[in-house]
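In what follows, a structure is listed as structure tokens, so that the remarks can point back to it.
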Amino acid sequence: MSEKFMYLSPAWRDEVEKRLKESLSPEKMKFITTSVSFNYLNCPDGKDRCLYFQCEEGIISEVAVGDAGSRQAEFVISGNYDLFSQVTRGTMSSQRALMSGRLKLKGNMVKALKLASLADRINKVMAGIPTDY
Amino acid sequence: MMTINAMQDPYSIDCPGRVSQIQAVMARENIDVYLGSRLRTLSWVTDAFCPWRSYVVIPAQGLPTVFTFVIDAARVADDSWLDEDHVLGYAPLGGMDQITQIADFITETLRLKKGRVGFESGMSNYLPEGNLTLYEYESFRSVLPEFEFVNSHHIVDRLSLIKDQGTINRFREASRIVDCGHKAVKEAISGGGWKGMTETEIAGIAALAMRKEGSVWEWSFTGGNEIASGYRTGLAGGACTPATTRKLSQGEPLMVDIHAMFKLCLGDHAHNYLLGRATDLQLLHARNFIDIVSQTLKTYSAGISPVAIAERMMELAETKGFAEHMVPGFEHGIGMMGDEWRIGMNDGPLPYWTNPEHAYRENEVVICALQYACPQDDIGFRYENPILITKDGCEPLSKFALGVEIVE
């Protein structure tokens, strides 16, 4: 049985970074430079956290988990922990979450459109990690 | 790559200068941020065509930022003088709707926590005016509770009244293009070419010719190129004739009112024909029409008002016995796209309608517009032509010769 990781734990973060670097080449990431922070509200311990990605010319250069609002990013997506966990598990599409207003995006929407497919690729990689939520 | 600088480009408009002018008035009127929503404001500030619901947020200093529907934001940024960081897209996604984005922009990007927001409200007979809707107004009030909202449309209205040289040159070019459309129509219908044609075909012939010359749109919201034949030319009031599939017929009048758009400035000229043959009665109506158009064009000049022109022209029509065929108005306003009906400041005794006492000023542009309609004789004629008000008269921008032409 494969090892399971606790969602948003340091070990899970390490696994996310490892798999993203293995799976997503700069070509697949269209050589983009950007940053995005997912703000998880109402985590099981009552805190708000963020999952932060930095991408430099298509290379995932940083994956970080910290307190919500601790990182400045080009795009910020905010929502409840439960909702993000559904998106990561693949039981809820990010499109549905955004279109229903349950996830809120901040940033340049025109640029976000260009990045939507790349975000989906990242999400698919994360969905493949055995995780306890 | 060769570039044309503003000094060489006859159609150049100083858009940053326009924004500075708005900001200077905002400062005088204690407006902290201007929220423009009217099509005319978008055109005048961005110099780009914004067909989707759009807003322009103008801070006290610095560049404006446009918010438009996300599917068109990149194109608007490409067309306008603003970069992609100042043309943002809104979308039906959490946090990306227009109310949330603009409110966040004001409070977070502009870092305003309270103050006065100038917005645009009013009413118009012109459908795409773009005043803030009640829902939008209430929503902005709800998410910006510390702000006072002040109706400020007069700022852009006043600043855009007198046309700068680049704008005037654009209007001249749009009218040159319209003249090419009229030439193509005349060639097509001459020598019996009109036989079997429909109004829609006439509209298309004009459109193709104008597109070849650089027109980007037969812009009018009254149906693009307005073509009327037969009894449709004489409908009472009849100043709106979208082309139909009606076939042209011998002995009938034909009204050709065509529209071009060049760099958001508008060409609009109507020319009239009698097809195949003309009766004495038709020729009498035609002479009446030409007489009053000629006299109207001679009457325009700086200092005269819409009511003074109407009084003089209706007196002439009464004297010559055709007053009942005239619509007693002789112009409509024109500006960059979206500024179609307003004359002057629209600050007359009837709110948001023409001030009859508005004194025309040098370098205003209006459409000299006359509608002659005789429903009982199934005949009517229309004249429209953008005119530049000059100190001592006016310059008709379309040069297509005035006349009611009989085509065999």
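No lab work stands behind these numbers, since they all come straight from the coordinates. Computed from a prediction, not measured in an experiment: that's the story for all the values here. Every residue, glycine among them, receives a Cβ derived from its backbone with ideal geometry; neighbour counts consider all protein chains shown.
Structure data summary
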quantity	calculated
Part-to-part distance (alpha-carbon centres) for segment B:95-122 and segment B:145-204, which is given in Å	33 Å
Surface/4 of the Cα convex hull for segment B:297-408, nm²	8.7 nm²
Assigned charges on the beta-carbon of Lys, Arg, Asp, Glu; chain A dipole about Cα centre (debye)	480 debye
Rg/Rg_ref, segment B:15-159, where Rg_ref = 2.2 N^0.38 Å and atoms are Cα	0.95
Segment B:131-277: proportion of alpha-carbon pairs further apart than 23 angstrom, %	49 percent
Segment A:1-57 and segment B:1-76: distance between their alpha carbon centers, rounded to Å	40 Å
Under 19 Å from the Cα of A:Lys21 - lysines, other chains or at least 8 residues apart	A:Lys30, A:Lys124
Scattering profile of segment B:124-166 at q = 0.18, 0.19, 0.28, 0.34 Å⁻¹ [log10 I(q)/I(0), Debye over alpha-carbon scatterers]	-0.73, -0.78, -1.06, -1.14
Relative contact order %, segment B:232-290, counting alpha carbon pairs below 8 Å whose residues are six or more apart	29 percent
Descending principal axes extents, segment B:165-407, alpha-carbon based, whole Å	47, 43, 30
Of all DSSP beta bridges in segment B:15-159, antiparallel share, percent nearest 5	40 percent
Charge tally in the Cβ shell below 9 Å around B:Ile258, where Lys, Arg are +1 and Asp, Glu are -1, B:Ile258 excluded	-4
Mean separation of Cα contacts under 8 Å (6+ apart) over length of chain B, as relative contact order %	16 percent
Unit Cα scatterers, Debye sum, chain A: log10 I(q)/I(0) for q = 0.12, 0.13, 0.23 Å⁻¹	-0.42, -0.50, -1.80
Charged-residue dipole, Cβ positions (Lys, Arg, Asp, Glu), chain B about Cα centre, Debye nearest 20	380 debye
Residue exposure sequence - B:Cys394, A:Cys43 - by fewest surrounding Cβ within 10 Å	A:Cys43, B:Cys394
Among A:Ala97, A:Trp12, A:Ile60 - extreme Cα towards positive end, dipole of chain A, charges at beta-carbon	A:Ala97
Within chain A, helix-based [θ] at 222 nm, where runs of 4 or more DSSP H residues each add -39,500 (n - 2.57), nearest 500	-11000 deg cm²/dmol
Exposure proxy ranking, count of Cβ atoms within 10 Å, fewest first, for B:Glu364, B:Glu311	B:Glu311, B:Glu364
Chain B: radius of gyration and largest Cα-Cα distance (Dmax), Å	22.8, 73
Ratio of Rg to Rh over the protein assembly as shown (Cα coordinates, Kirkwood Rh, two decimals)	1.11
Antiparallel bridges, percent of DSSP beta bridges restricted to segment A:5-132 (to nearest 5)	70 percent
Kyte-Doolittle at least -1.0, axis length at least 24 Å by Cα - qualifying DSSP helices, chain B	B:165-189, B:280-299
Within segment B:371-386: backbone nitrogen closer than 18 Å to the B:Ala323 label point (7 Å, Cα to C-beta)	B:371-374
For q = 0.16, 0.20, 0.21, 0.22 Å⁻¹, Debye-computed log10 I/I(0) when each Cα of segment B:207-311 counts as one equal scatterer	-0.90, -1.16, -1.19, -1.21
Hits among aspartates and glutamates - C-alpha to C-alpha of B:Lys195 under 14 Å, sequence gap 8 or more where chains match	B:Glu187, B:Glu252, B:Glu408
